[in-house]
């Protein structure tokens, strides 16, 4: 009985004494919370700094499979706002949970574990490896990927290379960019990747894109001319159209070239294909010159379409319609040919003894074909004996004028 009374008395004393002790002596202080934990749409984890923290234990869990895919101790940077890029460790389009706990230098937890569930709407893991190898992480549900190579980072016209890369659901992808950049000049290029899904109609639709990375590209194998100097035989009345031209690039090599002749109404306007075997009096002719460059020569995209990017017989011209910068076109409009050549009865562009014979035969009543306008050498509206006499005097060297 005395022993029971002593225990009861001791318990009462302990309770009474506890009323005067600090709260922390009887129970552990509650752990702090990590505040403002967020994950951006492209995979940057950020949160407020915890006072006294030396590092933060980060765990990334994939929700569909319910297993941890990545664990990392992130050092405290001392900044009021801490951040960590987790995009290299997560696949876009999948649901994840980020878990974070703060620890001090003694590996003592300063906070409870905070969680954040998220889904990245980005193609992640895009980076350049081994000079020109592009890497990226797969995107959930993607059926193909498009690589975008933008030359806009250099002082050139922007364009995009769209190469579809089929996928079997792999997590990581590697693509050699040099295979897609043949013919591009050295410079800085902006690279990105777009994930594509497949619509019910069988066409590709964009799911998400990556952030951009810069590729410092050096091309040591290609030449990039920016001017073509062309020499082609100019049209003359009665002459056969030239089928070839002499072409000199200011660098690089030419694989082949051809000349096609057209007629025009106005210089710089539309043309019609010319299929005759000789140029006619009064004709308006333009030469369309096509050039195919060799496999390592690419016309400079900054020069295409600019006046002076070519010359024809020493006259400034323009390279147009270049196809992939390896097939070039130059159109040059020659001046109109003389419409009438007095004394040129056979239309070959010359006044000579052949024409003298023809006018004699014509005046003698022979059935010969002549250009009657050119046979009227005194320009009185008819071809007669006076014209025959005048033409023979001209051919004999007399100082007479054909009109």
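The values are calculated or read from the model by the stated rules, or taken from the named source; none is laboratory data. This one's a predicted model, so the numbers in the text were calculated from it and none came from an experiment. All Cβ positions, glycine included, derive from the backbone under ideal geometry; neighbour counts span all protein chains shown.
If only one of 373, 360 is assigned to a helix (DSSP H, G or I), touching a helix residue (DSSP H, G or I) at 6+ places or on another chain (Cβ under 9 Å) and over 21 Å from residue 273 (Cα atoms), which one is it?
After ruling out the rest, the residue left standing is 360.
Which of (1) out of contact with any strand residue (DSSP E or B) (no Cβ under 7 Å at 6 or more places or on another chain); (2) over 30 Å from residue 87 (Cβ atoms) does residue 218 not meet, given it meets every other one?
(2)
Looking at the range 240-251, I want the residues that are in the same structural domain as residue 318 (by TED's automatic domain parsing) and have a partner that is surrounded by fewer than 13 Cβ atoms within 10 Å (Cβ to Cβ) with Cβ atoms under 9 Å, at least 6 apart or on another chain. Which pairs are those?
As it stands, the answer is 240/277; 241/276; 241/277; 243/258; 244/258; 245/258, since those pairs meet every condition given.
Go through the range 243-262 and count every residue that is at pLDDT below 95 and either in contact with a helix residue (DSSP H, G or I) (Cβ under 9 Å, 6 or more places away or on another chain) or under 30 Å from residue 342 (Cβ atoms) (or both).
Number of matching residues: 0.
Identify all residues within the range 358-377 that are closer than 21 Å to residue 239 by Cα and either in the same structural domain as residue 279 (by TED's automatic domain parsing) or exposed (fewer than 14 other Cβ atoms within 10 Å of the Cβ) (or both); write none if there are none.
Listed by number, the residues that qualify are 369, 372.
From the list 348, 352, 376, 384, exactly one residue is within 30 Å of residue 242 (Cα to Cα) and at pLDDT 90 or above. Which is it?
Every option except 352 fails the conditions.
Can you pull out every residue in the range 378-399 that is surrounded by 16 or more Cβ atoms within 10 Å (Cβ to Cβ) and not in a helix (DSSP H, G or I)?
If the condition is that a residue be surrounded by 16 or more Cβ atoms within 10 Å (Cβ to Cβ) and not in a helix (DSSP H, G or I), then 378, 383 are the ones that fit.
Filter the range 37-73 for residues that are under 43 Å from the mean Cα position of the chain (by Cα) and farther than 17 Å from residue 97 by Cβ; which is modelled with the lowest pLDDT?
Among them, the one singled out is 42.
Return yes or no: is residue 76 more than 42 Å from the chain's Cα centre (by Cα), modelled with pLDDT of 95 or more and within 28 Å of residue 106 (Cβ to Cβ)?
Yes: the conditions hold for residue 76.
Quick one: residue 328 ticks every box in (1) under 57 Å from the mean Cα position of the chain (by Cα); (2) part of a loop (DSSP other than H, G, I, E, B) except a single one, so which number is it?
Going through (1) under 57 Å from the mean Cα position of the chain (by Cα); (2) part of a loop (DSSP other than H, G, I, E, B) one by one, residue 328 breaks only (2).
May I ask you to verify whether residue 177 is at pLDDT 80 or above, more than 16 Å from residue 91 (Cβ to Cβ), surrounded by 14 or more Cβ atoms within 10 Å (Cβ to Cβ) and not assigned by TED's automatic domain parsing to the domain that holds residue 42?
So residue 177 passes the test.
Determine whether residue 316 is modelled with pLDDT of 90 or more, more than 25 Å from residue 151 (Cα to Cα) and in a strand (DSSP E or B).
Yes; evaluated as a whole, the condition is true for this residue.
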